[in-house]
Amino acid sequence: MMLGILGGRVYDPRNGRDGQVADIWVKDGRVVAADEVDRDRAELVDAAGLVVMPGGVEVHSHLVGAKVNAGRKLRPEDHRGHERARVGDLRSGAGGTVPSTYLSGYLYSEMGYTTIMEAATAPLVARHTHEELEDMPNLDKGVFITMGNNHFIMKAISEGRPDMARDYVAWLLKASRGYAIKIVNPGGVENWKWGTNVRELDDAVIGYEGVTPRRILETLARVNDELGLPHVPHIHGINLGRSTSARTTVETMRTLKGVPAHYCHLQFLSYGEGPQHIHSCEAPSVAEVVNADPSMTVDVGQIVFGQATTMTSDGPLQHMLHQTAGGRWMNDDVESESGGGIVPIVYKRTNPVNATMWRTGLELFLLVEDPWRVFLTTDHPNAGCFTSYPQVIKLLMDRGYRRERFGGIHRRARRGALLPELEREYSLYEIAVITRAGPARALGLDKKGHLGVGADADIAVYSEQEDKEAMFARPRYVFKDGVLVARDGAVVAEVPGRTFYVDAPYDPAIEGEIRAYFENAYTVAYENYAVVTGEVAHTEPVACG
Amino acid sequence: MSERLTLISGRTRKQAIGMHKGKDSPEYHAATELVEMNPEDMARLGVADGGRLTLRTEVGEIAMTVQAGTLPAGLVFVPMGTAVNGLVGAETLGTGMPSFKGLTVEVEVVEAGPAGAEGPRS
Amino acid sequence: MSTVVEHVACPFCGCVCDDLTVEVEGARIVKVKRACSSGQGVFMEYDPSPRTARVRGEEADWDAAVAEAAAILREADSPLIYGLSSAASEAQRKAVELADRIGAVIDSTSSVCHGPTGLAMQAVGEPTCTLGEIRDRADLLVFWGCNPDQSHLRHFARYSLNAKGALTPNGRADRTMYVVDVRETGTAKKADHFLQVAPGHDFEVLTALRLLVQGGEPEGDPIGGVPRAELEELVERLKSCRYGVFFMGMGLTMTAARQHNVAELFTLVAELNEFAKCSVIPMRGHGNVTGADQVLTWTSGYPFAVSYARGYPQFMPGEFTAVDVLVRGAADAAVILASDPGAHFPRPAAAHLEAIPTIVFDHGPSVSAAHATVLFPTAAYGVDAAGTVYRMDNVPIPLSKVIETGRPTDEEILGRLIEAVRT
């Protein structure tokens, strides 16, 4: 099937296009050169005066799997009023901050997104994640596998066997059909199973001689590099939400200086000690370190005022949130691997802490100089719902709007703030970088996030509008693999997506060691653990090295 | 003579085994048409192990074989299944869950059971 | 010709033991190792002989039966889809799709089992863990209103009381066990401490425990039938344990206070976490009732008691729970998948099932199957069909296909039914 998107203003940063008028030609799901397409047999879309971008690439979002589904179950009240009726062959759904799977697919599609990364799955329950992804259409996917509190890896560190860690990680990514190494509060989640946590990079992890957060980070960073994985270690650091977070975040960045890594939802990890126990915003000092080290990428995790559902693998963090915010608390300790929890939350502009958090995220966006290294997220649903991305885009592109919104936050968060002095406005090109080209590059997805020949035909076409929130909330057309899936902000078709996973070589001798380890580490058989070929319908291995 | 007692129902191994053989099998019937009772309650009612009781609620009545069990006075236990469901009513207290436990039943002796039982005490 | 299939997962109860060995001769299962008596029943009592579909008791080919079922569903104004709990998630997803497309009410056996547990979780949250954490860390176990000695036969051996783990190398000797129940069950006989609670007084005892944990002074002695000193001792142990785990069951969900009992327990466990690591495990009954919760939640947002009648999912226990729907006579057709409400529902509800056309998916001679208008004797997941199930602690485990019978699966027939109702 062939398609031509004609005469639009193309924002394709990877290929240096900054609004030039150009035609985009598609054949069999890929962007092709013009001469490969028979114009008479192609479907032609008149994009004159419209903005054409690659489909959005979500670098970090909690959408599917055990923890997310527990969040859905926990919050029936958050679904009511956010229902979607079935239309034709499309499915119904519900959910405000934790939408059901089909609805999640449709909502991303309607925003012009075509690829998502599921931010955290414990490998023991990866099968669940993949089942849900099968029911989330119109998106290509990848799954980040949590490893920062994995017993086998900690054992390898303790025993001084880096090769053991490397081979295990390769095996694990294949067994879980995962895309990347995810590290969440390394060592802290294991300590939470003893009722405690970690506070410093060199704190001991209970039960594992010689294992510390620093050693876990260094080991997994080295493994990532040796395996040549498409993405870099994706790090949710220690002390998230605490006043010590900025300090230990900077220490972590210095520990891994020059070693490529991605720091997720950095806003939550950029606080200092403020007066009267209200955290201070340390975005400037954190941004300075980010700016100085070109090997790192970050995503912001911008707060959006309103309902949110915090859900992370960071068990002790979630308990702390329950203690401070009160209300419902879900915890789940996952044998030998991970943990996590859920706490519903509301962010208010009148709450000085929430307002400071909001300010911190925006300052990070505006102070990190290179848009190729700072990506747009709300750590959905932790800081806000992904459907708020258009609002965040408007805050970045329109300083008048930003100033107005700043005026409405608690005065203690405004006092001495840098934000009103930051005049920078993101351009459309830069928005295309932080929502498409940058994430795709950081993820090693070379057919995503751009519109050059060979790219997957994942394309979003927008009407340029003064109000950037309205513009990005309602694309005119969204194409997935060259198929029109949304028009005027409404889904019109469902296509299955692919799940990318990493297939890295490993020494087969590790399997015997893992099998023996299973006897004592797990309550499921080794033979029943790995996701096998055929279990997940649309997977695509990605080579490494 | 009949008495009002409190009934609870639940899973037993024999009920599960019987279920696998089929709900029309003799094993299933034997496993599910069984009521366990406190021995003092049994003595007061004048029934022995192996005796037969009728259990009754406004929904229906079922005949069951009685067996002494470790239960507090006033409480009887019947395995889950088709038999006890002849007694359980429609009330779910708005939750969808019927009253499978804590059900008030009228219990009447049909057959006192093997030798040794003397019939109802006056 | 005999083959041996190893690491077979048992689909019967929420334990989903996956260490079974099944010996097969041709298309017959001849031996099962390591299964409990219930698991033995699942495999050894399975009848692999060829079956046909049935319409109104008469043999029919599968396509004709699908057409008849589709006609019934197209005709119905208020169809009910019920059960799901012994079907693999692949089939459960189809059942939800069917409900979505025809505007049905869909409910699983949760509503007569741990539905109140789900309601409690929605009200207060749930601190929980996977079963391996219990085996490896738990030094204090409290079984409340459940009787694994009769319901989850290998639970003690594989996961809890007797299981040996990293921090519990001596198994039973490394643990203290409490049982709280209204009668001294087989489980209670294994306990170090049995607290006999007066029937209907669990809530009172739970509240008293919460007060004691917070350093308060509940009135009375005994409390809810339990001597106060025993409660005080339990609280001391809970506040000083390494990893305490509560297991809860129908003793809390089925008695008068229903979900309030469970919410009180979950709150107690959450509050204990100020002092010691504590978790709670609902003892899910059916092999894949947890999967039914998961599937229905990820597709609709809600775990059970869902209605699609308005074109989008609505959740209301008491309105859309199957027993209530049937008792009100509010369903005019029913699809019964992998469960036997004809046997397990109270008579007032089961009676209505006999008055409406029913489409039953069951390989065995269940009561519901006996009354079915259309019967699909489909394959049994875990025996002659592979699929995914979710263990009581939400860990997803693959089921094996150990024999070949050529029977279609629930997933396949539901898929055909979905196509047929659209045309």
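The values are calculated or read from the model by the stated rules, or taken from the named source; none is laboratory data. Small disclaimer: the values here were computed from a predicted structure and weren't measured. Every residue, glycine among them, receives a Cβ derived from its backbone with ideal geometry; neighbour counts consider all protein chains shown.
Out of C:Ser37, C:Ser85, C:Ser111, report the one residue that is polar (S, T, N, Q), surrounded by fewer than 17 Cβ atoms within 10 Å (Cβ to Cβ) and within 14 Å of chain B (Cβ to nearest Cβ).
Selected residue: C:Ser37, the only one of C:Ser37, C:Ser85, C:Ser111 that is polar (S, T, N, Q), surrounded by fewer than 17 Cβ atoms within 10 Å (Cβ to Cβ) and within 14 Å of chain B (Cβ to nearest Cβ).
For C:Asp18, work out the one condition from (1) in contact with a helix residue (DSSP H, G or I) (Cβ under 6 Å, 6 or more places away or on another chain); (2) in a helix (DSSP H, G or I); (3) of a type in the set (Asp, Glu) it doesn't fulfil.
C:Asp18 satisfies all of (1) in contact with a helix residue (DSSP H, G or I) (Cβ under 6 Å, 6 or more places away or on another chain); (2) in a helix (DSSP H, G or I); (3) of a type in the set (Asp, Glu) except (2).
Would you confirm, using the coordinates I've provided, whether C:Ser240 is among the polar types (S, T, N, Q) and farther than 24 Å from C:Gly118 by Cβ? Explain how you work it out, then say what you get.
Values: among the polar types (S, T, N, Q): yes; farther than 24 Å from C:Gly118 by Cβ: yes.
Judged against the criteria, C:Ser240 is a match.
Could you please find all residues in region C:333-350 being small (Gly, Ala, Ser) and either closer than 11 Å to C:Ala322 by Cβ or at the interface with chain B (Cβ under 10 Å from one of its Cβ atoms) (or both)? Break it down stepwise before answering.
Pass one, region C:333-350, residues small (Gly, Ala, Ser): C:333-334, C:338-339, C:342-343, C:349-350.
Residues satisfying the conditions are C:Ala334, C:Ser339, C:Gly342, C:Ala343, C:Ala349, C:Ala350.
Take the residues in region C:198-209 that are in contact (Cβ under 8 Å) with a residue 40 or more places away in the chain and surrounded by fewer than 19 Cβ atoms within 10 Å (Cβ to Cβ); name whichever of them is farthest from the other protein chains (Cβ to nearest Cβ).
Initial filter on region C:198-209 (in contact (Cβ under 8 Å) with a residue 40 or more places away in the chain): C:199-200, C:202-203, C:206-207, C:209.
With surrounded by fewer than 19 Cβ atoms within 10 Å (Cβ to Cβ) added as a condition, the list becomes C:200, C:207.
Working: C:Gly200: 6, C:Thr207: 18 Å.
The qualifying residue farthest from the other protein chains (Cβ to nearest Cβ) is C:Thr207.
Here is a yes/no grid of residues against (1) modelled with pLDDT of 95 or more; (2) outside the structural domain of C:Asp324 (by TED's automatic domain parsing); (3) in a helix (DSSP H, G or I):
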| position | (1), (2), (3) |
| --- | --- |
| C:Arg242 | yes, yes, no |
| C:Phe246 | yes, yes, no |
| C:Thr255 | no, yes, no |
| C:Gln259 | yes, yes, yes |
| C:Glu264 | yes, yes, yes |
| C:Gly291 | yes, no, yes |
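On the basis of being within 14 Å of chain C (Cβ to nearest Cβ), buried (at least 24 other Cβ atoms within 10 Å of the Cβ) and small (Gly, Ala, Ser), does A:Ser270 make the cut? Spell out how you get there, then give the answer.
Numbers: within 14 Å of chain C (Cβ to nearest Cβ): no; buried (at least 24 other Cβ atoms within 10 Å of the Cβ): yes; small (Gly, Ala, Ser): yes.
Judged against the criteria, A:Ser270 is not a match.
In region A:319-333, what residues are without any contact (Cβ under 8 Å) to a residue 24 or more places away in the chain, assigned to a helix (DSSP H, G or I) and of a type outside the set (Gly, Ala, Ser)? Don't jump to the end; show me each part of the working.
Of the residues in region A:319-333, the ones without any contact (Cβ under 8 Å) to a residue 24 or more places away in the chain are A:322-327, A:329, A:331.
Restricting the remaining residues to those that are assigned to a helix (DSSP H, G or I) gives A:322-325.
Passing the criteria: A:His322, A:Gln323, A:Thr324.
Going by the conditions given, is A:Leu63 assigned to a loop (DSSP other than H, G, I, E, B) and not hydroxyl-bearing (Ser, Thr, Tyr)? Spell out the reasoning first.
Working: assigned to a loop (DSSP other than H, G, I, E, B): yes; not hydroxyl-bearing (Ser, Thr, Tyr): yes.
In short, yes.
Look at region A:278-318 and say how many of its residues are closer than 25 Å to A:Asn351 by Cβ and either free of Cβ contacts under 8 Å to residues at least 40 places away in the same chain or touching a His at 6+ places or on another chain (Cβ under 6 Å) (or both).
Looking only at that region, the number is 5.
So C:Lys189 ticks every box in (1) away from chain B (no Cβ under 14 Å); (2) surrounded by fewer than 16 Cβ atoms within 10 Å (Cβ to Cβ) but one. Which box is left unticked?
It is condition (1) that C:Lys189 fails.
C:Leu119 - would you say it is of a type in the set (A, V, I, L, M), under 30 Å from C:Leu238 (Cα atoms) and under 18 Å from the mean Cα position of the chain (by Cα)? Step through it out loud before you land on a result.
Details: of a type in the set (A, V, I, L, M): yes; under 30 Å from C:Leu238 (Cα atoms): yes; under 18 Å from the mean Cα position of the chain (by Cα): yes.
Answer is yes for this residue.
Kindly establish whether C:Gly165 is among the small types (Gly, Ala, Ser), surrounded by fewer than 21 Cβ atoms within 10 Å (Cβ to Cβ) and farther than 30 Å from C:Leu337 by Cβ. Give the steps one after another, and end with the answer.
Numbers: among the small types (Gly, Ala, Ser): yes; surrounded by fewer than 21 Cβ atoms within 10 Å (Cβ to Cβ): yes; farther than 30 Å from C:Leu337 by Cβ: yes.
The answer is yes for C:Gly165.
Only one of (1) in contact with a Leu (Cβ under 8 Å, 6 or more places away or on another chain); (2) farther than 17 Å from C:Asp181 by Cβ; (3) surrounded by 16 or more Cβ atoms within 10 Å (Cβ to Cβ) is not met by C:Phe246, so which one is it?
The one condition C:Phe246 does not meet is (2).
Do we have A:Leu317 as over 27 Å from A:Ser427 (Cα atoms) and within 22 Å of the chain's Cα centre (by Cα) here?
Numbers: over 27 Å from A:Ser427 (Cα atoms): yes; within 22 Å of the chain's Cα centre (by Cα): yes.
Here the answer is yes, as A:Leu317 does meet what is asked.
Just to be sure before I move on: is C:Ser368 within 19 Å of the chain's Cα centre (by Cα) and of a type in the set (Ser, Thr, Tyr) in the structure I sent? Show your work before the answer.
Values: within 19 Å of the chain's Cα centre (by Cα): yes; of a type in the set (Ser, Thr, Tyr): yes.
Yes; evaluated as a whole, the condition is true for this residue.
Looking at C:Val262, C:Val295 in this structure, which one is within 14 Å of chain B (Cβ to nearest Cβ) and of a type in the set (A, V, I, L, M)? First the steps, then the outcome.
Working: C:Val295 fails: within 14 Å of chain B (Cβ to nearest Cβ).
Result: C:Val262 is the single residue among C:Val262, C:Val295 that is within 14 Å of chain B (Cβ to nearest Cβ) and of a type in the set (A, V, I, L, M).
Working only within region A:51-63, note down all residues that are surrounded by 24 or more Cβ atoms within 10 Å (Cβ to Cβ), more than 12 Å from the chain's Cα centre (by Cα) and among the aliphatic types (A, V, I, L, M).
Within region A:51-63, A:Val52, A:Met53 meet the criteria.
Can you confirm whether C:Glu126 is acidic (Asp, Glu) and more than 12 Å from chain A (Cβ to nearest Cβ)?
no
Table: residues versus (1) away from chain B (no Cβ under 12 Å); (2) modelled with pLDDT of 95 or more; (3) surrounded by fewer than 24 Cβ atoms within 10 Å (Cβ to Cβ).
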site	(1), (2), (3)
C:Glu274	yes, yes, yes
C:Pro282	yes, yes, no
C:Gly311	yes, yes, yes
C:Met316	no, yes, yes
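For region B:1-93, give me every one of the strands (runs of 3 or more DSSP E) that falls completely inside it and has 1 or more residues that are closer than 19 Å to C:Gly186 by Cα, touching a Pro at 6+ places or on another chain (Cβ under 8 Å) and within 11 Å of chain C (Cβ to nearest Cβ).
On the way: elements: B:2-10, B:34-37, B:52-56, B:61-68, B:75-79.
The strands (runs of 3 or more DSSP E) meeting that bar are B:2-10, B:75-79.
May I ask you to say which residue of A:Asn520, A:Asn528 is surrounded by 21 or more Cβ atoms within 10 Å (Cβ to Cβ) and within 14 Å of chain C (Cβ to nearest Cβ)?
Values: A:Asn520 fails: surrounded by 21 or more Cβ atoms within 10 Å (Cβ to Cβ).
Within the list A:Asn520, A:Asn528, the selection yields A:Asn528.
Just wondering, is there one or more residues in region C:44-57 that are among the hydroxyl-bearing types (Ser, Thr, Tyr) and within 27 Å of A:Ala525 (Cα to Cα)? Full working, then the answer.
Filtering region C:44-57 for residues among the hydroxyl-bearing types (Ser, Thr, Tyr) gives C:46, C:49, C:52.
The next check asks that each one be within 27 Å of A:Ala525 (Cα to Cα); those that pass are C:46.
For region C:44-57, residues among the hydroxyl-bearing types (Ser, Thr, Tyr) and within 27 Å of A:Ala525 (Cα to Cα): present.
Kindly provide the set of residues from region B:100-109 that are within 7 Å of chain C (Cβ to nearest Cβ) and on the phi < 0 side of the Ramachandran plot, ordered by number.
From region B:100-109, those within 7 Å of chain C (Cβ to nearest Cβ) are B:100-102; that's our starting set.
Within region B:100-109, B:Phe100, B:Lys101 qualify.
Evaluate the following for C:Ala386: is it under 30 Å from A:Glu337 (Cβ atoms), among the hydrophobic types (A, V, I, L, M, F, W, C), modelled with pLDDT of 95 or more and surrounded by fewer than 23 Cβ atoms within 10 Å (Cβ to Cβ)?
Working: under 30 Å from A:Glu337 (Cβ atoms): yes; among the hydrophobic types (A, V, I, L, M, F, W, C): yes; modelled with pLDDT of 95 or more: yes; surrounded by fewer than 23 Cβ atoms within 10 Å (Cβ to Cβ): yes.
Judged against the criteria, C:Ala386 is a match.
Looking at A:Glu190, A:Glu200 in this structure, which one is within 21 Å of A:Pro316 (Cβ to Cβ), more than 21 Å from the chain's Cα centre (by Cα), charged (D, E, K, R) and surrounded by 24 or more Cβ atoms within 10 Å (Cβ to Cβ)?
On the way: A:Glu200 fails: surrounded by 24 or more Cβ atoms within 10 Å (Cβ to Cβ).
Just one listed residue meets the conditions, A:Glu190.
Look at region B:90-104 and say how many of its residues are touching an Asp or Glu at 6+ places or on another chain (Cβ under 9 Å) and closer than 18 Å to C:Pro199 by Cβ.
The qualifying residues number 2.
Is it the case, given these coordinates, that B:Glu33 is in contact (Cβ under 8 Å) with a residue 24 or more places away in the chain and over 12 Å from the mean Cα position of the chain (by Cα)? Can you show your working first?
Values: in contact (Cβ under 8 Å) with a residue 24 or more places away in the chain: yes; over 12 Å from the mean Cα position of the chain (by Cα): no.
No; evaluated as a whole, the condition is false for this residue.
Provide a single number: the residues in region A:333-362 that are buried (at least 24 other Cβ atoms within 10 Å of the Cβ) and either of a type in the set (Asp, Glu) or within 14 Å of chain C (Cβ to nearest Cβ) (or both).
Adding up the residues that qualify gives 12.
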